[in-house]
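Q: This is the structure, below, for whatever I ask next.
The values are calculated or read from the model by the stated rules, or taken from the named source; none is laboratory data. Worth saying up front: this structure is predicted, and the values here are computed from it rather than measured. All Cβ positions, even for glycine, are placed from backbone atoms using ideal geometry, and neighbour counts span all protein chains on display.
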Amino acid sequence: MNIEGAGAVITGGASGLGEATVRRLHAEGAHVVIADFNPERGQAIADELGDRAAFVACDVRHEEPMQAAVDRAAEAPRGLRIAVACAGTGFAVKVASAKGPHPLDQFQNLIDINLVGTFNMMRLAAFKMITETSPDEPDGERGVIVTTASVAAYDGQIGQIAYSATKGGVVGMTLPAARDLHRDGIRVCTIAPGLFETPLLASLPEDARKSLGQQVPFPSRLGQPEEYADLATYIVRTPMLNGEVIRFDGAIRMAPR
């Protein structure tokens, strides 16, 4: 996929992995739409990047704001070609303990944000690509969708029952989505990051973050958001990458706790 002049919508684009992806795609010539629930940070990034950047306030759980973000990205000269789902959150609660069962509303809310929100972006972006873009030569490609899972989809730790369920769901959607959309020239891939410097880890003390990084076999450090952006950009550019989930984790396999 040629990035120059392409419209790109990035959910969770105002921080962490999403922000790094916004900046990288913009540097490569894309017209980026930052879809995020944080208006101050999202607008500040759009203002900083200037031309070819816009912010749309978006709660990925709902159709109207997600549709607005997709529509804005489709205003790019070549239409909407790239969609990257980075919006997500997490917390630690056991399925049950002496304190009681896992609160059902917390589980449902995480499913809504991480899994339903990813699907919401995927379905609306794909329809926009199908109906409003023409195939590119030589492969007849219309667009690329990149979603974000986690190694927790495979190595869920104690307290990650809800988070692992959401990320396992994202992994499970990847291949059928790619198969659903193959005749329309739309590729779907998922990145499953390991331990990365993101807002989810930013609240931890420096010593704790360093200790986590040392658990990674190589390189023995936390991943950087810019490295995620590099991989997302590579996926966009590489036509044979389709229907694939890529563990991006320095060979770590998470222990129970």
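Q: Name the residues in region 126-156 that are under 15 Å from the mean Cα position of the chain (by Cα), under 18 Å from Ala177 (Cβ atoms) and not in a helix (DSSP H, G or I), would you?
A: Residues satisfying the conditions are Val144, Ile145, Val146, Thr147, Thr148, Ala149, Ser150.
Q: Additional query: Do we have any residue at all in region 177-190 that's under 23 Å from Ala14 (Cα atoms), modelled with pLDDT under 95 and out of contact with any His (no Cβ under 9 Å at 6 or more places or on another chain)?
A: No, region 177-190 contains no residue that is under 23 Å from Ala14 (Cα atoms), modelled with pLDDT under 95 and out of contact with any His (no Cβ under 9 Å at 6 or more places or on another chain).
Q: List every residue pair whose Cβ atoms lie under 7 Å apart, where the two residues are 6 or more positions apart in sequence or sit on different chains, the first residue falls within region 166-177 and is touching a residue at least 12 places away in the same chain (Cβ under 8 Å), and the second residue, located anywhere, is of a type in the set (Phe, Trp, Tyr).
A: Once the first residue is touching a residue at least 12 places away in the same chain (Cβ under 8 Å) and sits in region 166-177, its partners that are of a type in the set (Phe, Trp, Tyr) give Met173/Phe119.
Q: Moving on to the next point. Would you confirm whether or not region 191-202 contains a residue that is touching a strand residue (DSSP E or B) at 6+ places or on another chain (Cβ under 9 Å), farther than 24 Å from Leu110 by Cα and at pLDDT below 95?
A: The answer is no, given that none of the residues of region 191-202 is touching a strand residue (DSSP E or B) at 6+ places or on another chain (Cβ under 9 Å), farther than 24 Å from Leu110 by Cα and at pLDDT below 95.
Q: Another one. Within region 81-104, track down each residue that is under 17 Å from Gly18 (Cα atoms) and not basic (Lys, Arg). Show your work before the answer.
A: Step one: filter region 81-104 for residues under 17 Å from Gly18 (Cα atoms), giving 81-90.
Hits for region 81-104 are Ile82, Ala83, Val84, Ala85, Cys86, Ala87, Gly88, Thr89, Gly90.
Q: Test each condition in (1) closer than 20 Å to Thr198 by Cα; (2) not in a helix (DSSP H, G or I) for Gly42 and report the one that comes out false.
A: (2)
Q: Scanning region 174-188 for residues that are in a strand (DSSP E or B) and of a type outside the set (D, E, K, R), which turns out farthest from the chain's Cα centre (by Cα)?
A: Of region 174-188, the ones in a strand (DSSP E or B) are 186-188.
From the residues that got through so far, the ones that are of a type outside the set (D, E, K, R) too are 186, 188.
Values: Ile186: 17, Val188: 12 Å.
Only one residue fits best here, namely Ile186.
Q: Can you find, within region 210-257, the residue that is surrounded by the fewest Cβ atoms within 10 Å (Cβ to Cβ) among those that are β-branched (Val, Ile, Thr) and in contact with a helix residue (DSSP H, G or I) (Cβ under 6 Å, 6 or more places away or on another chain)? Quick ask: steps written out before the conclusion?
A: Looking only at region 210-257, we keep the residues that are β-branched (Val, Ile, Thr), and these are 216, 233, 235-236, 238, 245-246, 252.
Restricting the remaining residues to those that are in contact with a helix residue (DSSP H, G or I) (Cβ under 6 Å, 6 or more places away or on another chain) gives 233, 245.
Working: Thr233: 21, Val245: 19.
Result: Val245.
Q: Out of Glu63, Glu28, Glu75, Glu40, report the one residue that is among the charged types (D, E, K, R), surrounded by fewer than 22 Cβ atoms within 10 Å (Cβ to Cβ), farther than 27 Å from Arg187 by Cβ and at pLDDT 95 or above.
A: Glu40
Q: Output the number of residues of region 15-56 satisfying the condition of being basic (Lys, Arg), within 20 Å of Gln224 (Cβ to Cβ) and touching a strand residue (DSSP E or B) at 6+ places or on another chain (Cβ under 7 Å).
A: 0
Q: Same structure again: Do we have any residue at all in region 15-38 that's among the hydrophobic types (A, V, I, L, M, F, W, C), within 19 Å of Pro193 (Cβ to Cβ) and in contact with an Asp or Glu (Cβ under 8 Å, 6 or more places away or on another chain)? Reasoning before the result, please.
A: Step one: of region 15-38, the residues among the hydrophobic types (A, V, I, L, M, F, W, C) are 17, 20, 22, 25, 27, 30, 32-35, 37.
Then drop every residue that is not within 19 Å of Pro193 (Cβ to Cβ), which leaves 17, 20, 22, 25.
Those left that are additionally in contact with an Asp or Glu (Cβ under 8 Å, 6 or more places away or on another chain): 20.
There is at least one residue in region 15-38 that is among the hydrophobic types (A, V, I, L, M, F, W, C), within 19 Å of Pro193 (Cβ to Cβ) and in contact with an Asp or Glu (Cβ under 8 Å, 6 or more places away or on another chain).
Q: Right, another one. Starting from residues that are among the aromatic types (Phe, Trp, Tyr) and in a helix (DSSP H, G or I), keep the ones in region 83-125 and report whichever is farthest from Ala14 (Cα to Cα).
A: Only one residue tops the list, namely Phe107.
Q: The conditions are (1) farther than 22 Å from Arg142 by Cβ; (2) free of Cβ contacts under 8 Å to residues at least 60 places away in the same chain; (3) touching a strand residue (DSSP E or B) at 6+ places or on another chain (Cβ under 9 Å); (4) not in a strand (DSSP E or B), and Asp59 fails exactly one of them. Which is it?
A: Condition not satisfied by Asp59: (3).
Q: Of the numbered conditions (1) farther than 19 Å from Ile191 by Cβ; (2) out of contact with any helix residue (DSSP H, G or I) (no Cβ under 8 Å at 6 or more places or on another chain); (3) touching a residue at least 12 places away in the same chain (Cβ under 8 Å), Gly18 fails exactly one; give the number of that condition.
A: Against the list (1) farther than 19 Å from Ile191 by Cβ; (2) out of contact with any helix residue (DSSP H, G or I) (no Cβ under 8 Å at 6 or more places or on another chain); (3) touching a residue at least 12 places away in the same chain (Cβ under 8 Å), Gly18 comes up short only on (1).
Q: Just to verify a result, which residue in region 45-56, among those that are of a type outside the set (Lys, Arg) and outside any helix (DSSP H, G or I), is surrounded by the fewest Cβ atoms within 10 Å (Cβ to Cβ)?
A: Asp51
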